[in-house]
There are 2 protein chains.
Amino acid sequence: MGAEADEFQRYLRTKGLKLTSQREGILERVLTVRKHFSAEELFDSLRDDPRGISKATVYRTLALLVEAGLLEEHDFERGHKVYERAANRTHHDHLICVACHRIVEFHDEQVERRQEQVAREHGFEVVSHTHQIFGRCPRCRQTGAAPAQPPRSGRLRAQRG
Amino acid sequence: MGAEADEFQRYLRTKGLKLTSQREGILERVLTVRKHFSAEELFDSLRDDPRGISKATVYRTLALLVEAGLLEEHDFERGHKVYERAANRTHHDHLICVACHRIVEFHDEQVERRQEQVAREHGFEVVSHTHQIFGRCPRCRQTGAAPAQPPRSGRLRAQRG
DNA sequence: TTCCGTGCAAATGATTTGCAGGACT
DNA sequence: AGTCCTGCAAATCATTTGCACGGAA
């Protein structure tokens with residue numbers, strides 16, 4: 001099942017690569033994730049996988065999935081990439097809570113249009129863009145939660161259990 | 001001279017810190033730079049400085065300058081921060097050429113407004129934002145320059161000589 | 001003398017890569 | 001046989017930090 005799985009296999013084929021069990025395992029997992037995730041988190045979630053997938057392979061496969069167009073890669077916090085499924089999803093940007101790190105997606109036609117316009121005015125041909133709005137989410141505004149310490153190397157809160 | 005120098009000194013004072021010769025040297029240099037620069041580039045440009053400023057001090061001082069509001073910090077390429085003067089400058093975002101890395105600034109009221117609006121709709125209180133449009137600049141579109149290989153660890157093209 | 005600052009070198013931490021053995025064709 | 005892969009451990013690389021000495025209040 002999965003047009004995406006086929007898509008990946010097709011991509012690999014064009015590159016003379018194979019869909020190994022590890023890559024399959026990673027793909028499956030990736031397709032079940034709803035939100036944004038980091039390579040580390042993905043690796044953690046695969047700990048119990050019988051195929052025993054190494055961290056190196058996770059990184060290598062994530063790169064392939066991005067190349068194949070199945071995943072989108074974001075760089076919200078320095079030195080910490082985050083991924084999300086690209087398929088079946090319309091383009092969107094992100095609102096990120098500086099206190100709890102919650103990520104909310106948004107899409108605004110007006111912004112998109114102006115963006116194109118601006119690029120055109122400068123003679124640029126748009127290839128892609130990143131638009132992130134950092135702020136305090138409603139929840140954190142109420143609780144007055146502190147801006148969280150994402151100062152150093154922002155490590156995602158380990159989701160254990 | 002320099003309202004900015006005063007500004008920095010004022011900031012340091014509030015923190016119980018001092019304006020040492022090294023910090024002064026870094027500040028001076030920073031104030032003469034027109035474009036965006038990395039910590040490494042700044043450090044290089046200070047090699048000839050008689051005060052002998054270490055890389056660690058450059059990093060530490062850059063952080064202070066950002067805190068003081070004199071510099072803005074961007075994270076265009078992963079793991080490679082870039083700075084620019086904040087003073088006397090209105091807010092703006094960036095158009096970045098994927099081929100030659102040229103950076104063009106832009107400001108669009110409409111985008112800014114919509115941005116605020118979007119955040120509000122989601123109950124967010126905006127703290128800051130990043131908006132980068134990646135594309136091909138007019139020059140590179142003509143020459144058909146290749147998208148440059150910023151794949152791995154984006155190291156700025158070493159400007160030697 | 002008490003902080004604050006600095007340089008140096010070592011530490012970080014996410015991500016990448018070299019290498020040797022395995023698997024699939 | 002010949003690729004393509006994988007895991008492991010070591011390497012990267014920008015940035016941070018521990019430490020011990022130096023300087024100004």
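Residues in segment B:26-58 that are under 20 Å from B:Glu105 (Cβ atoms) and not polar (S, T, N, Q): B:Val30, B:Leu31, B:Val33, B:Arg34, B:Lys35, B:His36, B:Phe37, B:Glu41, B:Leu42. For segment B:54-79, the set of residues classified as among the acidic types (Asp, Glu) and part of a strand (DSSP E or B) consists of B:Glu72, B:Glu73, B:Asp75, B:Glu77, listed by residue number. The requirement of being assigned to a loop (DSSP other than H, G, I, E, B) and within 14 Å of chain A (Cβ to nearest Cβ) is fulfilled somewhere in segment B:35-53, by at least one residue.
Residues in segment B:70-93 that are at pLDDT 75 or above and of a type in the set (Val, Ile, Thr): B:Val82 alone. Applying the criterion of being more than 9 Å from chain B (Cβ to nearest Cβ) and aliphatic (A, V, I, L, M) to the residues of segment A:97-129, the residue that is surrounded by the fewest Cβ atoms within 10 Å (Cβ to Cβ) is A:Ile103. Of all residues in segment A:1-34, those being part of a helix (DSSP H, G or I), within 15 Å of DNA strand C (Cβ to nearest atom) and of a type in the set (D, E, K, R) number 3.
Consider B:His74 carefully, then state whether it is within 14 Å of the chain's Cα centre (by Cα), within 12 Å of DNA strand C (Cβ to nearest atom) and more than 20 Å from B:Thr14 (Cα to Cα). No: the conditions fail for B:His74. Would you confirm whether or not segment A:14-32 contains a residue that is within 14 Å of chain B (Cβ to nearest Cβ) and away from DNA strand D (no atom under 13 Å from the Cβ)? Within segment A:14-32, none of the residues are within 14 Å of chain B (Cβ to nearest Cβ) and away from DNA strand D (no atom under 13 Å from the Cβ).
Across segment A:88-120, the number of residues qualifying as farther than 23 Å from B:Glu125 by Cβ and under 16 Å from the mean Cα position of the chain (by Cα) comes to 4. The C-beta contact set for segment B:55-84 (first residue within 14 Å of chain A (Cβ to nearest Cβ), second residue within 12 Å of DNA strand C (Cβ to nearest atom) and outside any strand (DSSP E or B), distance under 6 angstrom, 6+ apart or interchain) comprises B:Asp75/A:Arg78; B:Glu77/B:Gly154; B:Gly79/A:Gly79; B:His80/B:Gly154. Residue pairs whose Cβ atoms lie under 6 Å apart, sitting 6 or more positions apart in sequence or on different chains, and linking a residue in segment A:32-54 that is under 16 Å from A:Leu71 (Cβ atoms) to a partner that is surrounded by fewer than 18 Cβ atoms within 10 Å (Cβ to Cβ) and β-branched (Val, Ile, Thr), are A:His36/A:Ile103.
The values are calculated or read from the model by the stated rules, or taken from the named source; none is laboratory data. Note that the structure is predicted; figures quoted are calculated from it, not measured. Cβ coordinates were reconstructed from backbone atoms using ideal geometry, including for glycine residues, and neighbour counts include every protein chain displayed.
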